[in-house]
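Step one of this worksheet: look at the structure below.
The values are calculated or read from the model by the stated rules, or taken from the named source; none is laboratory data. Note that the coordinates shown come from a computational prediction; the quantities given were computed from them, not determined experimentally. A quick note on method: Cβ atoms are made from the backbone with ideal geometry, for glycine too, and the neighbour counts reach across all protein chains shown. Only protein heavy atoms, including side chains, enter the accessible area calculation; ligands, DNA and RNA are left aside. Shrake-Rupley method; radii C 1.70, N 1.55, O 1.52, S 1.80 Å.
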Amino acid sequence: MDKRQMLNFTVGPVMSSEAVREIGAEQVPYFRTAEFSALMFENERLVKEFARADEDARVCFMTGSGTASMEAAVINIFTTRDKVLVIDGGSFGHRFVEMLEIYEIPHSVIKPAFGHGVTEAQLAEYDGKGYTGFLVNIDETSVGVLYDIRLISDFCKRNGIFLVVDSISSFLCDPFDMKDLDVQVMITGSQKALACPPGISIIVLSPAAVQKVYSNKPKTMYLDLKLALKNGERGQTPFTPAVGTLRQIHRRLKEIEAAGGVETEIARIGGLAKYFREKLREFDLPFTIVSNSRPNAVTPISPREGVSANQIFLTLKDEYGIWVCPNGGDLKDKVFRVGHIGALEEKDYDTLIRALLDMRDRGLL
Ligand SMILES: *Cc1c(COP(=O)(O)O)cnc(C)c1O
């Protein structure tokens, strides 16, 4: 294998481009400088552009994994006076529910069936019931289900509900227009389709969300977005950020821009997902794709009865040097996932398919 040393089809951290990895080998510069501020302004501009955010939207770069920004969004946007609807369709949705419990924010939970999105009828039950907020992980990465953002957006628009979207594994993968969809807060992270090391998560705030942040007083210092917004005005962060990762994000955003922008990247990732799913069919592998609403970032797969999904993950890792993404908990033996994000090409999927065919020949599938 080449010097990437592994072939990684997980959903994060994923493989990075050569240029992004080169930055990882450089010294980390001091950051209270005009040069770093200029880089951060460009990061903000490109994230806004790729999220199709309002011109007056703002971006906070948080040092912490995606969960830090999920928590920051919950406590800076909502208070105990809100009434929030949350979709709990997997481990990431459940994380939002736990946050609402910790901060004692009144909420109701919608639980979709395994492998399914939410339906218009399910949402209609909550029409006109005084909800003020909506929380959704638009790609529930844990089970590989993409919710219908248009349906959710329409529901929120007609009820005047503040919509907060965890788009951590969907940003740059699935079509998304923050302004058109009236999404007030969008969250993403460095180690998914941005294909950088973990360490930075990103919160895009609509003008209305910026106002809300300035009017709330969450009991936190590190996650107080007022500080992030204030410092962001001069291209800085309140505390020492993951400077190296922010430089890598800058390189990656510029790469995407140079290659044609967000549509091109979405088409590239969608193309890889399609390629892999077609190969599964072509070679008639004994697998079922267990989602009826598939995101571009990931394909969730169940092996046939009697074959352990976790054992497939282990065998691929230990005997073939290929990493797919295992599931945990109840799904450990039932589901593994194949990601389509990061520096991957069609030939990498050919390698994966060859390994799976070899495993089938060995009687392991
Ligand atoms: C990866 C991911 C997260 C963030 O998890 P961290 O481990 O905190 O980075 C949150 N939500 C979704 C939908 C994700 O895919």
Problem set entry | Violating pairs (Cα-Cα greater than 28 angstrom) within the set Lys83/Lys192; Lys254/Lys347; Lys157/Lys334; Lys111/Lys230 | Lys83/Lys192; Lys157/Lys334; Lys111/Lys230
Exercise. How much length is gained if the chain between Asp180 and Arg234 is pulled fully straight, taking 0.36 nm per residue apart and subtracting their Cα-Cα distance, in nm to one decimal?
Worked result: 16.6 nm
Problem set entry | Within the accessible area of the range 19-259 (1.4 Å probe), percent carbon and sulfur | 53
Exercise. How long is the gain from Glu26 to Glu101 if the chain were fully straight, where each residue apart is worth 0.36 nm and the alpha carbon distance is subtracted?
Worked result: 22.8 nm
For this session: Round to the nearest 10 and give me the degree value, 0 to 90, for the angle of helix 91-102's Cα axis relative to the longest principal axis of the chain.
Result: 30
Exercise. Ignoring ligands, DNA and RNA, how do Met6, Met70 rank by accessible area with a 1.4 Å probe, largest first?
Worked result: Met6, Met70
Exercise. Roughly speaking, what is the centre-to-centre gap between the range 143-193 and the range 31-76 when only Cα atoms are used, to the nearest Å?
Worked result: 16
Problem set entry | Whole-Hz ³J(HN,Hα) from phi, Karplus 6.51 cos²θ - 1.76 cosθ + 1.60, for the range 180-191, glycine and proline x | 4, 7, 6, 7, 8, 9, 10, 10, 9, x, 6, 9
Seminar exercise, completed: Computed over the chain: longest principal axis from alpha-carbon atoms vs helix 346-361 long axis, angle to nearest 10 degrees, is 50
Seminar exercise, completed: With -39,500 (n - 2.57) per DSSP H segment of 4 or more residues and division by the full residue count of the chain, the 222 nm estimate, nearest 500 deg cm²/dmol, is -12500 deg cm²/dmol
Seminar exercise, completed: Rounded to the nearest 10 Å², the 1.4 Å probe accessible area of His116 is 80
Exercise. What accessible surface, in Å², does a 1.4 Å probe find on Leu146, ignoring ligands, DNA and RNA and rounding to the nearest 10?
Worked result: 40
Problem set entry | Global geometry of the range 129-253, whether rounded, prolate or oblate, following the gyration tensor of its Cα atoms and the 1.5 cut on a/c | oblate
Exercise. Tell me, what ³J(HN,Hα) does each residue in the range 268-275 have, in order and in whole Hz, if you take phi through Karplus 6.51 cos²θ - 1.76 cosθ + 1.60 with θ = phi - 60° and put x for Gly and Pro?
Worked result: 5, 5, x, x, 5, 4, 5, 4
Exercise. With each label point set 7 Å from Cα along the Cα-Cβ vector, what nm distance links Tyr222 and Arg45?
Worked result: 3.2
For this session: Starting from the Cα of Arg354, step 7 Å along the direction of its Cβ; do the same at Asp330; then give the gap between the two resulting points in nm.
Result: 3.9
Problem set entry | Charge dipole (debye, nearest 20) of the chain; +1 at Cβ of Lys and Arg, -1 at Cβ of Asp and Glu | 540
Seminar exercise, completed: A student applying the Cα gyration tensor rule (rounded when a/c is under 1.5; otherwise prolate if a/b is larger than b/c, oblate if not) would label the chain oblate
For this session: Work out the charge dipole of the range 19-259 with +1 on the Cβ of Lys and Arg and -1 on the Cβ of Asp and Glu about the Cα centre, then indicate which of His94, Thr79, Gln184 is farthest towards its positive end.
Result: Thr79
Exercise. Per-residue HN-Hα couplings for the range 251-256, Karplus 6.51 cos²θ - 1.76 cosθ + 1.60 at θ = phi - 60°, whole Hz, x for Gly and Pro?
Worked result: 4, 5, 4, 5, 4, 5
For this session: Could you state how much accessible area Ser308 has, in square angstrom rounded to the nearest 10, with a 1.4 Å probe and all protein chains kept in place?
Result: 30
